[in-house]
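Undergrad: Take a look at the following structure, please.
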Amino acid sequence: MDRNDSRRTAPKELSADQVERQRCFAAQVAQMHQSAGRTGENAPGCFIQTFGCQQNEADSEQMAGLASMMGYRITADAASAKLILVNTCAIREHAEKKALSVIGQFKHYKDADPEVIIGVGGCMVTQQHRADQLKHSYPYVSFIFDTGSIHTLPELLCAALQGGKRHFHIPHAEDIAEGLPIHRETSHKAWLSVMYGCNNFCSYCIVPYTRGRERSRMPDAILAQAKELIASGAKDITLLGQNVNSYGKDLGGGENFASLLRDIAALDGDFRLRFMTSHPKDVSPELIAVMSENEKIVRHFHLPVQSGSDGILKRMNRRYTAEKYLQTVTALRKAMPDISLTSDIIVGFPGETDADFEATMDMLRAAQYDMVFSFIYSPRKGTPAAEMPDQIPHEVSTERFARLLELQNAVSLARNNRFVGRTVRVLAEEVSRTDETKITGRGDSPRPIHFSGTPDLIGDFVNVKITSADTFSLNAEIAGEA
Ligand code: SF4
């Protein structure tokens with residue numbers, strides 16, 4: 001994979017022949033189930049286990065859409081499924097080990113019913129050593145498919161159902177598959193991918209190797225899907241990309257993320273827009289202006305900083321300094337004083353000294369995040385950082401991690417307290433997972449808000465008055481229709 005071909009012509013969408021080919025395989029699979037009477041209540045179940053990020057959740061919705069098109073019913077019960085798909089993550093060693101252990105557990109379903117078909121997708125299988133491991137050590141896995149070949153699921157399944165050879169080829173495909181069917185678990189929240197891949201090659205990150213080069217979807221395709229989502233009742237739409245704010249750079253027609261966001265926000269309907277993930281070096285004044293001018297765009301910005309030390313940022317190949325990063329924070333807060341900022345931080349990056357770590361603690365004090373996703377550095381095979389000297393001993397990283405959490409939890413609680421006494425417009429999302437008499441919703445901030453209410457509120461906007469704040473959530477009472 002050539003890391004230098006960052007400038008490309010407009011992305012190659014699947015050809016009509018490629019689409020038709022998969023449509024034929026899908027029809028064959030559906031026909032197989034029909035002719036065997038496996039329809040309606042007897043339709044075979046498809047269970048999808050998803051690991052990792054929002055992009056993987058969106059990809060799993062495409063897998064579920066394809067499975068439904070082939071006559072499967074989506075089930076949350078792996079034991080009753082005839083098709084089991086595992087959508088893996090490779091962001092940290094731990095994520096891969098978890099996926100492999102779960103795949104191992106699925107062996108007894110295959111032992112119990114040889115008709116069960118197990119397929120593995122996602123970032124982990126794009127790595128040759130993992131693909132080989134699945135081929136040789138997991139003989140009950142029928143096929144793998146990488147992040148760029150979800151659209152080949154009909155062909156892979158058709159071959160497996162006909163007792164064909166197991167499939168372990170990794171095409172590293174980078175075509176964009178437009179128009180794939182999508183099966184969503186909820187109607188009121190939706191993922192909307194605007195681009196795939198990443199050209200940044202942060203030295204610790206596996207994503208550019210597992211998801212390929214940046215390729216943006218055409219704006220018309222995105223706007224058409226946004227209209228469909230709004231028409232189908234989506235109230236909270238998240239625009240997805242590994243680095244959304246470099247959207248359009250590969251299209252060569254002047255498209256950019258700020259103009260895309262403006263165009264989607266201009267669509268009719270009562271909905272709100274979120275987006276993730278942004279790279280600090282690509283946050284433009286135009287993007288900040290579009291956000292501040294559009295009420296539909298939530299006052300939340302996820303801006304991964306990773307470290308507060310310029311030395312470590314350089315070793316990470318992040319291409320900004322702590323000072324430049326804080327200038328962006330200041331610009332965001334100037335335009336939207338009450339914006340919720342969240343971030344990602346890596347503790348224990350190779351070469352991190354006590355002074356480097358203190359610089360990260362200073363960043364937390366300066367940036368005042370509502371929430372931080374923090375991780376202890378995990379070497380990823382094939383990334384430059386994994387080969388770097390001065391790997392930090394685990395006990396040192398763990399001690400630093402604990403101190404960082406303690407500081408950030410205090411900041412988060414203080415930030416959450418600013419909401420107490422305010423009335424906030426939230427989307428009622430689900431029954432609270434800890435108290436079934438409560439509903440959990442979200443305002444602009446990704447912070448969950450719990451309030452007494454009935455399930456019929458789910459999917460509606462509700463005004464709630466914040467009564468108290470905790471470190472990780474807010475409590476409220478209904479204040480009337482929104
Ligand atoms: S910008 Fe994000 S996805 Fe891209 S290489 Fe860096 S950390 Fe990975």
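Undergrad: Assess whether residue 175 counts as being of a type in the set (Asp, Glu), at pLDDT 95 or above, more than 16 Å from the ligand (Cβ to nearest atom) and out of contact with any helix residue (DSSP H, G or I) (no Cβ under 7 Å at 6 or more places or on another chain).
TA: Considered against the rule, which asks whether it is of a type in the set (Asp, Glu), at pLDDT 95 or above, more than 16 Å from the ligand (Cβ to nearest atom) and out of contact with any helix residue (DSSP H, G or I) (no Cβ under 7 Å at 6 or more places or on another chain), residue 175 comes out as no.
Undergrad: Any idea how many residues of the stretch 189-243 are more than 14 Å from the ligand (Cβ to nearest atom), open to solvent by less than 10 Å² (accessible area, probe 1.4 Å) and assigned to a loop (DSSP other than H, G, I, E, B)?
TA: Total meeting the criteria: 2.
Undergrad: Let me confirm something: among 141, 120, 125, which residue is of a type in the set (A, V, I, L, M, F, W, C), part of a loop (DSSP other than H, G, I, E, B), touching a helix residue (DSSP H, G or I) at 6+ places or on another chain (Cβ under 9 Å) and surrounded by 22 or more Cβ atoms within 10 Å (Cβ to Cβ)?
TA: 141
Undergrad: If you don't mind, there's one more thing I want to ask. Which residues, counting only those in the stretch 262-283, are within 16 Å of the ligand (Cβ to nearest atom) and in contact with a helix residue (DSSP H, G or I) (Cβ under 7 Å, 6 or more places away or on another chain)?
TA: Once the filter is applied, which keeps residues that are within 16 Å of the ligand (Cβ to nearest atom) and in contact with a helix residue (DSSP H, G or I) (Cβ under 7 Å, 6 or more places away or on another chain), the stretch 262-283 yields 275, 276, 277, 278, 279, 280, 282, 283.
Undergrad: Right, another one. Collect the residues in the stretch 223-266 that are within 17 Å of the chain's Cα centre (by Cα) and not acidic (Asp, Glu), keeping them in residue-number order.
TA: If the condition is that a residue be within 17 Å of the chain's Cα centre (by Cα) and not acidic (Asp, Glu), then 237, 238, 239, 240, 241, 242, 243, 244, 245, 246, 247 are the ones that fit.
Undergrad: What number of residues within the stretch 1-40 are assigned to a loop (DSSP other than H, G, I, E, B), closer than 30 Å to residue 208 by Cβ and either basic (Lys, Arg) or modelled with pLDDT of 95 or more (or both)? Give the steps one after another, and end with the answer.
TA: Within the stretch 1-40, the first condition is being assigned to a loop (DSSP other than H, G, I, E, B), and the residues that meet it are 1-12, 14-15, 36-39.
From what is left, the residues that are closer than 30 Å to residue 208 by Cβ are 1-12, 14-15.
Checking the rest, the ones that are also either basic (Lys, Arg) or modelled with pLDDT of 95 or more (or both) come to 3, 7-8, 12.
Selection size over the stretch 1-40: 4.
A quick yes/no check of all residues on (1) touching a residue at least 24 places away in the same chain (Cβ under 8 Å); (2) small (Gly, Ala, Ser); (3) in a loop (DSSP other than H, G, I, E, B); (4) in contact with a helix residue (DSSP H, G or I) (Cβ under 7 Å, 6 or more places away or on another chain):
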residue	(1), (2), (3), (4)
97	no, no, no, no
108	no, no, no, no
115	yes, no, yes, no
148	yes, yes, yes, no
160	yes, yes, no, no
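Undergrad: Still on this structure: Which number in (1) more than 16 Å from the ligand (Cβ to nearest atom); (2) within 20 Å of residue 246 (Cα to Cα); (3) of a type outside the set (Asp, Glu); (4) under 25 Å from the mean Cα position of the chain (by Cα) marks the one condition that residue 368 misses?
TA: (2)
Undergrad: Would you say residue 164 is open to solvent by 20 Å² or more (accessible area, probe 1.4 Å) and either part of a loop (DSSP other than H, G, I, E, B) or within 16 Å of the ligand (Cβ to nearest atom) (or both)?
TA: Spelling it out, residue 164 is indeed open to solvent by 20 Å² or more (accessible area, probe 1.4 Å) and either part of a loop (DSSP other than H, G, I, E, B) or within 16 Å of the ligand (Cβ to nearest atom) (or both).
Undergrad: Of all residues in the stretch 297-313, which are closer than 25 Å to residue 350 by Cα and more than 16 Å from the ligand (Cβ to nearest atom)?
TA: Within the stretch 297-313, 308, 309, 310, 311 meet the criteria.
Let's see how each residue does on (1) surrounded by 19 or more Cβ atoms within 10 Å (Cβ to Cβ); (2) within 24 Å of the chain's Cα centre (by Cα); (3) touching a residue at least 12 places away in the same chain (Cβ under 8 Å):
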position: 387; (1), (2), (3): no, no, no
position: 393; (1), (2), (3): no, no, no
position: 399; (1), (2), (3): no, no, no
position: 412; (1), (2), (3): yes, yes, yes
position: 445; (1), (2), (3): yes, yes, yes
position: 455; (1), (2), (3): no, no, yes
position: 465; (1), (2), (3): no, no, yes
position: 473; (1), (2), (3): no, yes, yes
position: 477; (1), (2), (3): no, no, yes
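Undergrad: While we're here: Among all residue pairs at least 6 apart or on different chains, which show Cβ distances below 6 Å where the first residue, located in the stretch 196-216, is on the phi > 0 side of the Ramachandran plot and the second is near the ligand (Cβ under 9 Å from one of its atoms) and of a type in the set (Lys, Arg)?
TA: If the second residue must be near the ligand (Cβ under 9 Å from one of its atoms) and of a type in the set (Lys, Arg), the pairs left are 197/211.
Undergrad: While we're on this one: Working carefully through the options 272, 262, find the one that is of a type in the set (D, E, K, R) and in contact (Cβ under 8 Å) with a residue 60 or more places away in the chain.
TA: 272
The values are calculated or read from the model by the stated rules, or taken from the named source; none is laboratory data. Nothing here was measured: the structure is a model prediction, and the numbers come from that model. Note that each Cβ is placed from the backbone with ideal geometry, even for glycine, and that neighbours are counted across all protein chains shown. All accessible areas refer to the heavy atoms of the entire protein, side chains included, with ligands and DNA or RNA removed. Shrake-Rupley method; radii C 1.70, N 1.55, O 1.52, S 1.80 Å.
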